[in-house]
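The values are calculated or read from the model by the stated rules, or taken from the named source; none is laboratory data. In this text, all values refer to a predicted model and were calculated from it rather than measured experimentally. Neighbour counts are summed over all protein chains in view; Cβ atoms, including those assigned to glycine, are modelled from backbone coordinates with ideal geometry.
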Amino acid sequence: MKLFATLVLAAAAFGIATPASAQFAKPEDAVKYRQSALFVMSQHFGRIGAMANGRAPYDAKAAVENAEVVAEMSKLPWAGFVANTEGLSQKAKAEIWKEQAKFKEHNEKLMGDTGRLLAAAKTNNLDNVKAAFSQTAASCKACHDNFRNQ
Ligand code: ASC
């Protein structure tokens, strides 16, 4: 274990990629990490949704700020889907680990969409925000339909 820790530190010092699992002290932390990133993303995505759906007045500056958080958060959860967390969360389907290429495709689709949502927000045009919001929401839903229970 001590040797492993030393090797991980050495690898980190030299910028060598270490397994994602090595980034978390324990499997439960990886679950908490990915759920936290997804939760923060959903809060900020919801604020854009409120504007897109007319439940809140359109505030172009707020839309950009929220889209920045969404775009950044959308990069994070995936590293938390470590193999040793399978079965720890009732919501994460086994398919995540059985169909890793497909899961990765969904992750990348979302990151592309959130990048386009941010670009749309920066146009300061509500119609652009609405279109990019629904594209992104469709990506959220597609991944949930395939990989999340309930
Ligand atoms: C949200 C949110 C999700 C997605 C999903 C889209 O605002 O929290 O998980 O949109 O509901 O279908």
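Could you tell me which residue of the stretch 25-54 is nearest to the chain's Cα centre (by Cα), considering only residues that are away from the ligand (no atom under 12 Å from the Cβ) and of a type in the set (D, E, K, R)?
ARG34
For the stretch 55-103, which residues satisfy the criterion of being charged (D, E, K, R), closer than 30 Å to ALA119 by Cα and more than 11 Å from the chain's Cα centre (by Cα)?
Result: ARG55, ASP59, LYS61, GLU65, GLU68, LYS102.
Just for the stretch 119-136: of the residues that are surrounded by 23 or more Cβ atoms within 10 Å (Cβ to Cβ) and of a type in the set (A, V, I, L, M), which one is nearest to the chain's Cα centre (by Cα)?
Result: ALA132.
Give the residue, chosen from VAL40, VAL31, VAL64, VAL82, that is surrounded by 15 or more Cβ atoms within 10 Å (Cβ to Cβ), in contact with a Pro (Cβ under 8 Å, 6 or more places away or on another chain) and at pLDDT 95 or above.
Answer to the selection: VAL82.
How many of the residues making up the stretch 43-71 are in a helix (DSSP H, G or I) and either in contact with a strand residue (DSSP E or B) (Cβ under 7 Å, 6 or more places away or on another chain) or without any contact (Cβ under 8 Å) to a residue 24 or more places away in the chain (or both)?
Of the residues in the stretch 43-71, 7 are in a helix (DSSP H, G or I) and either in contact with a strand residue (DSSP E or B) (Cβ under 7 Å, 6 or more places away or on another chain) or without any contact (Cβ under 8 Å) to a residue 24 or more places away in the chain (or both).
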